[in-house]
Amino acid sequence: MRLGLNTLVLVATTVAAVVLLAGSCTSTATNEAKKDEWTGRKIDEALAKFGTPSEVTPGEKGEKRYVWLLHRSMPFQKVTYDSTGNPRYGTQYRDSVHTYMFSVDASGTITSWEQSATNVANQSGY
């Protein structure tokens with residue numbers, strides 16, 4: 001069976017559109033699931049996972065805001081070359097701070113939360 005160029009282009013375009021549509025639906029569903037990951041759960045679960053918070057501030061109506069600043073350092077290999085072209089191997093670290101903020105009602109239920117990450121200066125391990 002011989003297909004014309006127009007038919008092949010149409011089939012390829014249709015397949016690409018279906019793949020993009022499926023990917024965008026999955027991405028949206030994942031973001032929504034992530035958004036609700038902690039909402040409705042008890043703060044005791046977050047305390048068990050993250051440990052002692054960096055800060056807890058009270059609100060006006062019995063609610064509290066819990067904040068964690070978690071420092072992470074990931075090693076990676078770096079190669080540099082000296083003036084004669086010989087390789088020098090070493091480890092460097094990418095440091096980041098992940099901030100988790102939870103709003104909790106008087107019963108200890110998480111009503112909303114957010115997370116962010118900030119990269120900080122790299123450290124050399126040479």
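Could you tell me how many of the residues in the range 48-70 are outside any loop (DSSP other than H, G, I, E, B) and touching a Phe, Trp or Tyr at 6+ places or on another chain (Cβ under 8 Å)?
If we filter the range 48-70 for residues that are outside any loop (DSSP other than H, G, I, E, B), which is where we start, we get 48-50, 55-58, 64-70.
So of that shortlist, the ones also touching a Phe, Trp or Tyr at 6+ places or on another chain (Cβ under 8 Å) come out as 50, 55-56, 65-68, 70.
Going through the range 48-70 one residue at a time, the tally reaches 8.
Just for the range 23-45: of the residues that are at pLDDT 95 or above and not in a loop (DSSP other than H, G, I, E, B), which one is surrounded by the most Cβ atoms within 10 Å (Cβ to Cβ)?
43
Could you tell me whether the range 105-113 includes any residue that is modelled with pLDDT of 90 or more, of a type in the set (A, V, I, L, M, F, W, C), under 30 Å from residue 39 (Cα atoms) and in contact with a strand residue (DSSP E or B) (Cβ under 8 Å, 6 or more places away or on another chain)?
There is at least one residue in the range 105-113 that is modelled with pLDDT of 90 or more, of a type in the set (A, V, I, L, M, F, W, C), under 30 Å from residue 39 (Cα atoms) and in contact with a strand residue (DSSP E or B) (Cβ under 8 Å, 6 or more places away or on another chain).
Let's see how each residue does on (1) exposed (fewer than 10 other Cβ atoms within 10 Å of the Cβ); (2) at pLDDT below 95:
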{"residue": "50", "(1), (2)": "no, yes"}
{"residue": "53", "(1), (2)": "no, no"}
{"residue": "85", "(1), (2)": "yes, yes"}
{"residue": "118", "(1), (2)": "no, yes"}
{"residue": "122", "(1), (2)": "no, yes"}
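If you scan the range 71-95, which residues turn out to be in a strand (DSSP E or B) and β-branched (Val, Ile, Thr)?
79, 80, 91
Being of a type outside the set (A, V, I, L, M) and closer than 24 Å to residue 112 by Cα is true for just one of 42, 78. Which residue is that?
42
The values are calculated or read from the model by the stated rules, or taken from the named source; none is laboratory data. Everything numeric in this text was worked out from a predicted model, so none of it was measured. Neighbour counts are summed over all protein chains in view; Cβ atoms, including those assigned to glycine, are modelled from backbone coordinates with ideal geometry.
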